[in-house]
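Notes follow the structure.
The values are calculated or read from the model by the stated rules, or taken from the named source; none is laboratory data. Everything quoted here is computed from the prediction, not taken from an experiment. All Cβ positions, glycine included, derive from the backbone under ideal geometry; neighbour counts span all protein chains shown. Remember, those area values only see protein heavy atoms, side chains included, never the ligands or the DNA or RNA. Shrake-Rupley method; radii C 1.70, N 1.55, O 1.52, S 1.80 Å.
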Amino acid sequence: MLSKLHNILPQFLKNIVVDIHKDFRLLIFSIFKTKQIRKCTNNKENLIAFQKSRKYGPLKHICYAPHTSMFFARNGKVSPCYASYNEKSSSIDNESIHDIWFKGSFVKIRKEHENCDFETTCQFCNKLMLQKSYDSLLTNKYEHYAFSKSKYPKIMEFELSNKCNLACIMCDSNLSSSIERTEKNIVSGNQHYDKNFIEQLDEFIPHLQLAEFTGGDPFMIDEYYDIWEKISKINPKCHILITTNANTMNSRIVNLLENHKNIHFNVSIDSLEKENYENIRRNGNFEFALKNLEKFINYSEKNKTNLNLLVCPLTVNRHELGDFVDFANSKNICVYFHTVIKPKELSLKFLDKKTLNNTIKQLNKRQFPVRNNKQKINFNNYQNMIKLFKDWAKEEEKTKEEIDSNYSVAEAKFLLIEKIENNGRKYKVKFFQLLDSLQNEPQIGIIYNKLLKLDDKIFFEHLENYSIEELEHICKTLKTE
């Protein structure tokens, strides 16, 4: 009831209600804390600071994704969000959607969070939590669903195929069929989600508030049109969020826009300069993308839905980051900045400290209006991005292991698992046996990073031809090479 009332209030009243609600919860928290905080023995002070920083004030769960969200990864894994699937996640190949939600790995993740364990499955957010970068946490995305009483998920995120017409320089074959075709001469597309999967959604669609679609590019993925039609028939009030590169327009899209009134857009544009845009988003057409962007903006204005710009801050567009805020303000839309850590040569995280600090200095010179809510959001998103860059610039002096490594242990492990999932599924069991045998190795970060740098052919030949003991010995020699 309170959620419905909140939704119909004008924005200034919503802000007042949220502030009152937060103050009330902070008062209760200061007296009683929460059951979860009381159970924590590690990093309690950081968790308390995080609870106090939350938009709606301290809440029962540290993250609401495991309680309200399902993410369907292209490799068949199902998890609460895009950053939390791993080798132990439930797979759509082996379990139904119903069993995954009510009996599968989601139950285990909820239990981990109750015990203040965020490192086992949620390494991405755990690292940001330790850095006290609370505004960059993925948990923020799911705060709005904290007050849902439904036993079913309120949001589903679909990443079923890599079918895409672009080959962006920061992307990879897992998310772009264009890159996959060039690198491997194949297009794997959707390998796990069949008609039975789409039929299983009938049980869940009536409970959804939001269905998100990524890819690849959603407008090129046939299965999504079937799901959109189901949503239209079963739960037309459900909001649809499509993340697109805006380089596709055809009759099916026109028909979709004419017959669905609850579509929202995230449009990925990483440069406002034609040459730079087409260098970053290879195969893309700058003028065509802007033309389609205007169509989506007009749709959103007509149907009172939202459209956001999504930007990957890169070494090659860092001089434009302030321009995106001006551009978004001129269109009365919001802009959001991704956290980019790969590839290393494009990530600001791995810039030398002098260059990164100069970049921060230049970004801080920009001034932006904050006369309305969207301008305030854009200003805050810009400041949060700068804060993240400052955190990277302030990282303590590296140990020898960290100097030799490009990625943290958690990041490198995640990327290795991703490589296996995408390219070497038949070696999967053997690979995880190897990880188990190496987990207590003191210089595991160096080993993981050097494994990542191995040529794929050599990497997979090793997995095929050597025993676990031999592989373990080979890996341990990597740290001294």
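Numbers for the structure displayed
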read-out	value
Members of the range 66-83 found to be open to solvent by 10 Å² or more (accessible area, probe 1.4 Å) and touching a helix residue (DSSP H, G or I) at 6+ places or on another chain (Cβ under 6 Å), listed by number	ASN75, CYS81, ALA83
Hits in the range 285-341 - residues which are within 30 Å of GLU411 (Cα to Cα) and in a strand (DSSP E or B)	ASN308, LEU309, LEU310, VAL311, CYS334, VAL335, TYR336, PHE337
Condition met for ASN279 (open to solvent by 10 Å² or more (accessible area, probe 1.4 Å) and within 17 Å of VAL340 (Cβ to Cβ))	yes
Any chance CYS40 is at pLDDT 70 or above, more than 29 Å from HIS338 (Cβ to Cβ) and surrounded by 15 or more Cβ atoms within 10 Å (Cβ to Cβ)	yes
Matching residues, the range 163-202, being closer than 16 Å to TYR225 by Cα, open to solvent by 70 Å² or more (accessible area, probe 1.4 Å) and outside any helix (DSSP H, G or I)	LYS163, ASP194
Residues of the range 70-91 satisfying the condition of being of a type outside the set (D, E, K, R), in contact with a Phe, Trp or Tyr (Cβ under 6 Å, 6 or more places away or on another chain) and either at pLDDT below 90 or not in a loop (DSSP other than H, G, I, E, B) (or both)	PHE71, PHE72, VAL78, SER79, TYR82, ALA83
Selection from the range 84-105 of residues that are under 26 Å from ALA412 (Cβ atoms) and either surrounded by fewer than 17 Cβ atoms within 10 Å (Cβ to Cβ) or more than 17 Å from the chain's Cα centre (by Cα) (or both)	GLU87, LYS88, SER90, SER91, SER105
Odd one out for ALA146 among (1) surrounded by 21 or more Cβ atoms within 10 Å (Cβ to Cβ); (2) farther than 17 Å from LEU201 by Cβ; (3) among the small types (Gly, Ala, Ser)	(1)
Per-region count, the range 181-216, residues closer than 30 Å to TYR277 by Cα and either aliphatic (A, V, I, L, M) or under 21 Å from the mean Cα position of the chain (by Cα) (or both)	10
Residue in the range 267-283 that is modelled with pLDDT of 95 or more, touching a His at 6+ places or on another chain (Cβ under 6 Å) and under 19 Å from LEU160 (Cα atoms) present	no
Subset tally (residues that are closer than 22 Å to TYR85 by Cβ and either surrounded by 17 or more Cβ atoms within 10 Å (Cβ to Cβ) or of a type in the set (Lys, Arg) (or both)) for the range 446-459	5
Test: residue in the range 349-366 that is free of Cβ contacts under 8 Å to residues at least 24 places away in the same chain, more than 23 Å from ASN174 (Cα to Cα) and among the acidic types (Asp, Glu)	yes
Residue in the range 429-448 that is assigned to a helix (DSSP H, G or I), in contact with a helix residue (DSSP H, G or I) (Cβ under 8 Å, 6 or more places away or on another chain), of a type in the set (S, T, N, Q) and free of Cβ contacts under 8 Å to residues at least 40 places away in the same chain present	yes
Check on ILE155, open to solvent by less than 10 Å² (accessible area, probe 1.4 Å), of a type in the set (Val, Ile, Thr) and modelled with pLDDT of 90 or more	yes
Filter pass, ILE474 being in a helix (DSSP H, G or I), of a type in the set (A, V, I, L, M), without any contact (Cβ under 8 Å) to a residue 60 or more places away in the chain and more than 22 Å from ASN423 (Cα to Cα)	no
Selected residue [modelled with pLDDT under 95, open to solvent by less than 70 Å² (accessible area, probe 1.4 Å) and more than 18 Å from MET170 (Cβ to Cβ)] from HIS264, HIS260	HIS260
Close pairs from the range 151-174: first polar (S, T, N, Q), partner not in a loop (DSSP other than H, G, I, E, B), Cβ under 6 Å, at least 6 apart	ASN162/SER177; SER173/ILE179; SER173/GLU180; SER173/GLU183; ASN174/ASN422
Some residue of the range 407-422 being acidic (Asp, Glu), open to solvent by less than 20 Å² (accessible area, probe 1.4 Å) and either modelled with pLDDT under 90 or on the phi > 0 side of the Ramachandran plot (or both)	yes
Criterion (within 19 Å of the chain's Cα centre (by Cα), surrounded by fewer than 16 Cβ atoms within 10 Å (Cβ to Cβ) and among the aliphatic types (A, V, I, L, M)) met by exactly one of LEU160, LEU138, LEU130	LEU130
From ASN378, ASN373, ASN357, residue being more than 20 Å from ILE269 (Cβ to Cβ), among the polar types (S, T, N, Q) and surrounded by 14 or more Cβ atoms within 10 Å (Cβ to Cβ)	ASN357
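Let's see how each residue does on (1) closer than 20 Å to PHE213 by Cα; (2) under 23 Å from the mean Cα position of the chain (by Cα); (3) charged (D, E, K, R):
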residue	(1), (2), (3)
MET249	yes, no, no
ASN255	yes, no, no
HIS260	yes, no, no
GLU278	no, no, yes
GLU287	no, no, yes
VAL311	yes, yes, no
LEU314	no, yes, no
ASN329	no, no, no
ASN332	no, no, no
